[in-house]
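No value in this document is a laboratory result; all are computed from the given coordinates. Predicted, not measured: the structure shown is a model, and the values here were computed from it. Here Cβ is always computed from backbone atoms with ideal geometry, including for glycine, and neighbour counts include all displayed protein chains.
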Amino acid sequence: MNFHSPALSDKEWVTKAFMDGQTDCCEYCFGNIYMWSDIYDNKIYNDNGIFISADFTDEPVFCYPIGNGDKKGTILKLIDFAKSLGTELEFFGLTEKDKDELNYLFPNQFEIQETRNFFDYLYKSEDLANLVGRKYHSKKNHVSYFEKTFDWKYEPINKDNIQQCLLLNDHWEGLNKQKNPEEISEENQAIKKALNNYFDIGFEGGVLTIQGEIVAFTFGERLNDNTFCTHVEKAYGNIRGAYQMINREFARQLQDRYEFINREEDTGSEGLRRAKLSYQPHRLVIKYSAVYKG
């Protein structure tokens, strides 16, 4: 199985496999895989239309196969491939549907566990766009302050403002790097790769400006027929309401086309978990890991 680093030329077949699979899981976005591939040594493989990816940073861990085709045959190949590398096959990012399918195809042969740190947060687009109800009271207060205080504007990311997004990304790293130097540096690198290939990948995003200067940006891509996946949201933390405003304005651009917005996982960060829960998710996308036991 000749895994290779994802290239822009892979986008068409990878996206087709994802659309065939119609998953809610954020791992199945081409742009997401592409932008992080250098950090996690992600590699991909096309098994007759079935998409497989693997993280080779340590012992290989595989994303559960997706697409139309002989999935059982693909998994059997992966079992042998993992053995050839001296390890047992391990999957990550299984949804409930994937877990049930794996148990049906290989009954009692995989040890399956929930992975709470990697549950995705799924929101109704209209909720994020309108912030209706008492549960969003604090968010509306921040938005109201921003609207009344600043001479602001929201616009889509385009060829005229994308360089300013890159500058904000570097400046944000400098302001926050001391909190977690390695993680923030890696994130900066991934976002740079995404922005430098933004239009070829087909990302969609927006910027928030105050008197013409960008203070926040966000972007992501289509996940399935009714869900958009937001990969990145960056704002200056010392500008009250900037995060809440970029979130709301982007949701307003998406709500007519997508019923849901997936804002990915919290990776076990307590602060990030509180922030994501504070937006009252419609539901969590429960995900599992699975290790082959034979």
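Quick notes on this one:
- Magnitude of the charge dipole, the chain, Cβ model with Lys/Arg +1 and Asp/Glu -1, debye to 20: 1000
- Once the Kirkwood radius over Cα pairs is known for the stretch 100-146, the Stokes-Einstein relation at 25 °C and 0.890 mPa s delivers a diffusion coefficient of 168 µm²/s.
- Once backbone amide H atoms are built at 1.01 Å from N, ASN197 has no partners under 5 Å, excluding neighbours fewer than 5 places away on the same chain.
- Other-chain or far-sequence residues with amide H under 5 Å of ASP266's (modelled H): PHE119
- 3J(HN,Hα) from dihedral phi, the stretch 177-184, Karplus parametrisation 6.51/-1.76/1.60, rounded to Hz, x for glycine, proline: 4, 5, 5, 7, x, 5, 5, 5
- Ranked for footprinting exposure by Cβ neighbours inside 10 Å, fewest first, ASP266, ASP160 give ASP160, ASP266.
- Rounded to whole Å, sorted largest first: equivalent-ellipsoid semi-axes of the stretch 8-119, Cα gyration tensor: 20, 17, 15
- Nitroxide proxy distance, nm - points 7 Å out along Cα→Cβ at SER9 and ASP160: 3.6
- The helix-based estimate of mean residue ellipticity at 222 nm for the chain, built from -39,500 (n - 2.57) per DSSP H run of four or more residues and divided by its residue count, is -12500 deg cm²/dmol to the nearest 500.
- Placed amide H near LEU223: partners under 5 Å, 5+ positions off or other chain: PHE228, CYS229
- Put simply, the chain fits an ellipsoid with semi-axes of 35, 20, 17 Å; these come from the alpha carbon gyration tensor as the roots of five times its eigenvalues, largest first.
- Across the stretch 136-151, coupling constants 3J(HN,Hα) worked out from phi with the 6.51/-1.76/1.60 Karplus curve, θ = phi - 60°, read 9, 4, 5, 5, 5, 4, 5, 4, 4, 4, 4, 4, 7, 8, 10, 8 Hz, and Gly and Pro carry x.
- The packing ranking, built from the mean of other Cβ atoms within 10 Å per residue, places the peptides 280-286, 170-176, 223-229 in the order 223-229, 280-286, 170-176, highest first.
- Here the Karplus relation 6.51 cos²θ - 1.76 cosθ + 1.60, evaluated at θ = phi - 60°, turns the backbone of the stretch 102-112 into coupling constants of 5, 5, 6, 6, 9, x, 6, 10, 10, 8, 10 Hz, with x for every Gly and Pro.
- Cα-Cα over 24 Å, subset of LYS71/LYS124; LYS179/LYS234; LYS159/LYS192; LYS124/LYS159; LYS99/LYS135; LYS11/LYS179: LYS71/LYS124; LYS124/LYS159; LYS99/LYS135; LYS11/LYS179
- Length released on extending from GLN211 to ARG274, taking residue separation times 0.36 nm less the Cα-Cα span: 19.6 nm
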